[in-house]
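**Q** Below is one structure. I have some questions about it.
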Amino acid sequence: MFTFKNFNIADWFSFYRIVAVPLLILLIILDERLIFTCFLMVSYLTDAIDGYLARKLKITSARGSQLDSFGDQLTLVMGLIGLFYFEVEFIKSNISIIIIVLSPYIAQMILAYYKYGKATAFHTYLAKLSAVLQGVFILWALFLEPNYVLFYMMIVFGLLETIEEIILIFMYDEWVSDVKGLYWASKDKRRLNKKKSK
């Protein structure tokens, strides 16, 4: 049974990113760009902390991975909403590229929910790198101004990460967490054992 008492310290850092969403929305409505960006930065920092704590304290779990992924998705969405509101001209001038990148990401989300009934939580190395680049670009853009070098880096690695996620969805018949990447997936006993048992 799900209760808040079952949350460990890493889960609470992930949970912060979820409960911070209403506050971030309010700050956008109030047009508080700097305060919004500061709280968004805290959300990105908790993303770095929760995974480290889970591994260090050996408290990783499927629930924690799913909570972490949900928090990551909400943080990315809030960062993009912040960009759409505070940097509207930049968004307008790059809307075609943004749509090209978001389309496969949305397709990947639909595919995951269709196959597993929930979002993926593979947490690959490429996904982590992509998340860092997203966070750096969005925070840089909101604190200072959009940087095109960071923008294109985020676009390229975001596309690569999404393609990898889609391939992994086809590789795994059942939901799993913490897959480092395609190379490791090809040797993953969780996947191979399922195939042998068929």
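The values are calculated or read from the model by the stated rules, or taken from the named source; none is laboratory data. Please read all numbers here as calculations on a predicted model, not as lab measurements. Here the Cβ is made from the backbone with ideal geometry for all residues, glycine too, and neighbour counts use every protein chain on show.
**Q** Please go through the stretch 129-147 and pick out each residue that is more than 11 Å from D72 (Cβ to Cβ) and not hydrophobic (A, V, I, L, M, F, W, C).
**A** Correct list: E145, P146, N147.
**Q** List the number of the failed condition for L142; all other conditions in (1) surrounded by fewer than 18 Cβ atoms within 10 Å (Cβ to Cβ); (2) over 15 Å from D47 (Cβ atoms) hold.
**A** All conditions pass for L142, except number (1).
**Q** Within the stretch 190-197, is even one residue in contact (Cβ under 8 Å) with a residue 12 or more places away in the chain and within 20 Å of the chain's Cα centre (by Cα)?
**A** No: the stretch 190-197 contains no residue that is in contact (Cβ under 8 Å) with a residue 12 or more places away in the chain and within 20 Å of the chain's Cα centre (by Cα).
**Q** Okay, moving on. Kindly indicate the residue of the stretch 162-193 that is polar (S, T, N, Q) and within 17 Å of M109 (Cα to Cα) and also surrounded by the fewest Cβ atoms within 10 Å (Cβ to Cβ) among those meeting that condition.
**A** Residue satisfying both the conditions and the ranking: S177.
**Q** Can you tell me which residues in the stretch 106-165 are of a type in the set (D, E, K, R), farther than 23 Å from I81 by Cβ and touching a Ser or Thr at 6+ places or on another chain (Cβ under 9 Å)?
**A** The answer is E164, and nothing else.
**Q** Starting from the stretch 114-133, take each residue that is modelled with pLDDT of 90 or more and list its partners that are part of a helix (DSSP H, G or I) and surrounded by fewer than 15 Cβ atoms within 10 Å (Cβ to Cβ), counting only C-beta distances under 7 angstrom and pairs at least six apart or across chains.
**A** Between residues of the stretch 114-133 that are modelled with pLDDT of 90 or more and residues that are part of a helix (DSSP H, G or I) and surrounded by fewer than 15 Cβ atoms within 10 Å (Cβ to Cβ), the close pairs are L126/L160.
**Q** Looking at the stretch 104-127, which of the residues that are part of a helix (DSSP H, G or I) and small (G, A, S) is surrounded by the fewest Cβ atoms within 10 Å (Cβ to Cβ)?
**A** For the stretch 104-127, the residue satisfying everything is A107.
**Q** Could you grab the pairs with beta carbons closer than 9 Å, sequence gap of 6+ or different chains, first residue in the stretch 138-159 and part of a helix (DSSP H, G or I), second one modelled with pLDDT of 95 or more and β-branched (V, I, T)?
**A** Note: pairs meeting the criteria are I138/T37; L139/T37; L142/T37; F143/T37; L150/V136; M153/V136; M154/V136; M154/I138.
**Q** Could you run through the stretch 75-103 and say how many residues are under 23 Å from I25 (Cα atoms) and either of a type in the set (A, V, I, L, M, F, W, C) or assigned to a loop (DSSP other than H, G, I, E, B) (or both)?
**A** Of the residues in that region, 16 qualify.
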